[in-house]
Amino acid sequence: MALWFSASAVVPALRESVGLPPLIASLFTSSVQAGFVVGTVVSALFNLADRFDPRRFFIASALTAAAANILILAFEPASFAVIGLRFATGVCMAGIYPVGLKLAASWSRGNMGLMLGGLVGGLTLGSAAPHLFNALGGIDWEFTIAAASASAALAAVAMNWVEVGPNVAARGRFRMGSALRAWTERGLRLANIGYLGHMWELYAMWAWIGVFLDASFRLTLSGGTNTAALAALVTFVVMGAGALGCIGGGVLSDRFGRTTVTIWAMAVSGVCSLLVGFLFGGAVWPLVALCIVWGVAVVADSPQFSASTAELSEPAYVGTMLTVQTSAGFLLTLVTIHLVPMMVDLVGWRFAFVILAPGPFIGILAMWRLRRSPDAARMAGGRG
């Protein structure tokens with residue numbers, strides 16, 4: 001998952017070294033999202049995640065994505081060839097993230113929340129890793145790209161030792177209409193709406209929090225401070241802290257229910273998105289502390305939407321249902337990733353993240369309705 005933000009993490013450095021245009025900076029992330037949507041739509045329509053050995057599917061996807069990412073170094077950073085390679089990387093991620101969720105779910109024994117919490121915690125650390133690479137490599141953005149590609153190749157090798165768990169049904173047959181059940185069945189529809197509310201906020205926050213911190217640090221720290229490196233390191237901590245939220249949320253959701261955890265996590269993250277701008281340009285430690293809280297809450301609910309979908313789906317098509325869910329969520333992120341810089345131009349960083357708050361509050365409403373429906377009895381051992 002380090003590939004996802006491998007280019008986004010070096011935006012501050014590229015702005016200094018090559019004068020990266022704002023549109024290209026946004027496309028570094030949104031082109032991956034667009035590619036992921038295309039990849040997941042194809043995967044869902046042809047039930048790829050349920051028709052083939054998930055480990056081989058994962059390995060092929062990870063190696064191809066790593067190759068596309070390393071090829072970025074052969075082109076000028078501001079060229080559209082780089083955007084095309086980012087798109088190709090996103091297409092390949094459709095064989096990594098949903099497939100990983102299916103593999104983790106296959107080992108669940110009454111602890112689906114924890115299993116998927118661990119998987120999404122890994123996703124979170126992987127997504128944060130390029131910011132650590134960037135901090136260690138200074139403004140040597142090529143180091144960050146190369147390290148992310150090496151990480152993906154290592155993941156492909158490691159997958160050779162992964163086994164499929166006992167909870168996988170017989171491979172599903174090709175059934176084009178199966179993807180539509182994600183929206184025609186009430187329980188799945190509400191879980192997916194909750195996920196959409198969550199995704200309205202998550203990737204826009206992840207994509208821009210580093211740039212936000214860098215801009216704030218430039219206003220408050222002395223001229224001798226390497227604000228880009230400091231912002232990269234803090235961004236890694238903020239995003240990486242989400243791994244703790246994923247695992248903690250998984251433990252709590254197995255005990256108290258999926259809807260309870262998702263509602264509380266979205267409430268906290270929504271409030272953070274409203275408050276964080278008021279600390280922009282102020283003291284460093286209060287800003288960093290609030291961002292860490294936001295980093296924990298903004299992704300703590302993510303694995304529980306996947307767990308809810310896995311529990312509400314027909315066993316033979318769990319992979320397809322998870323693919324449909326992630327496809328819809330990442331399609332939505334194409335809007336918010338571009339909305340944030342537009343808000344910065346209109347109202348500045350102080351109010352830019354306010355645009356993210358409606359998402360989690362709509363998600364809260366959807367999960368509250370799911371908790372009150374009969375389908376809640378099929379989740380978290382009847383805890384909802």
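Let me make sure I get this right: for region 251-296, a, b and c are the square roots of the gyration tensor eigenvalues over alpha carbons, sorted descending. Under 1.5 in a/c it's rounded, otherwise prolate if a/b > b/c, else oblate. Which is it? Mind showing how you got there, number by number?
On the way: a/c = 6.17, a/b = 2.59, b/c = 2.39.
Prolate.
Which of the peptides 142-155, 88-101, 283-296 is most tightly packed, and how do the rest follow, judged by the mean count of other Cβ atoms within 10 Å per residue?
Put in order of decreasing packing, that is 88-101, 142-155, 283-296.
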Least to most buried among F28, F217 (fewest other Cβ within 10 Å first): F217, F28
Region 26-175, convex hull of Cα, quarter of hull surface, nm² -> 9.4 nm²
Kirkwood Rh and Cα Rg combined as Rg over Rh, evaluated for region 188-241: 1.21
Output the direction-averaged projected area (hull surface divided by four) of the convex hull of the alpha-carbon atoms of region 199-358, in nm². 9.6 nm²
Under the Karplus relation with 6.51, -1.76 and 1.60 and θ = phi - 60°, whole-Hz ³J(HN,Hα) for region 263-268, x at Gly and Pro, equal 5, 5, 5, 5, 5, 5
Work out the P(r) tail for region 216-310: percent of alpha carbon pairs separated by more than 23 Å, whole number. 33 percent
Between 0 and 90 degrees, rounded to the nearest ten: what's the tilt of helix 186-220 against the longest Cα principal axis of the chain? 10 degrees
Let's test the formula: R0 of 30 Å, r as the Cβ-Cβ distance of D53 and A81. What FRET efficiency results, to the nearest 0.05? 0.35
Packing-ranked peptide list from 317-324, 59-66, highest mean Cβ count within 10 angstrom first, is 317-324, 59-66
By the mean-Cβ-within-10 Å protection proxy, highest first, 305-316, 244-255, 220-231, 271-282 rank as 305-316, 244-255, 271-282, 220-231
In the set [x] 19.6, 62; [y] 21.7, 68; [z] 23.5, 99, which value of Rg and Dmax of the Cα atoms in Å was calculated from the structure you see? [x]
Extend 7 Å from the Cα of V162 along its Cα-to-C-beta direction; within region 300-329, residues with backbone N under 19 Å of that point are 302-311, 316-327
Against the longest alpha carbon principal axis of the chain, how many degrees, from 0 to 90 and to the nearest 10, is the axis of helix 80-93 turned? 30 degrees
Treating the angle as unsigned and between 0 and 90°, give the value, to the nearest 10°, between the Cα long axis of helix 302-312 and the longest Cα principal axis of the chain. 10 degrees
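Here, each number is a calculation from the coordinates, and none is a lab measurement. None of the values given here were measured: they were computed from a predicted structure. Using ideal geometry, Cβ is built from the backbone for each residue, glycine included, and neighbour counts are taken over all protein chains shown.
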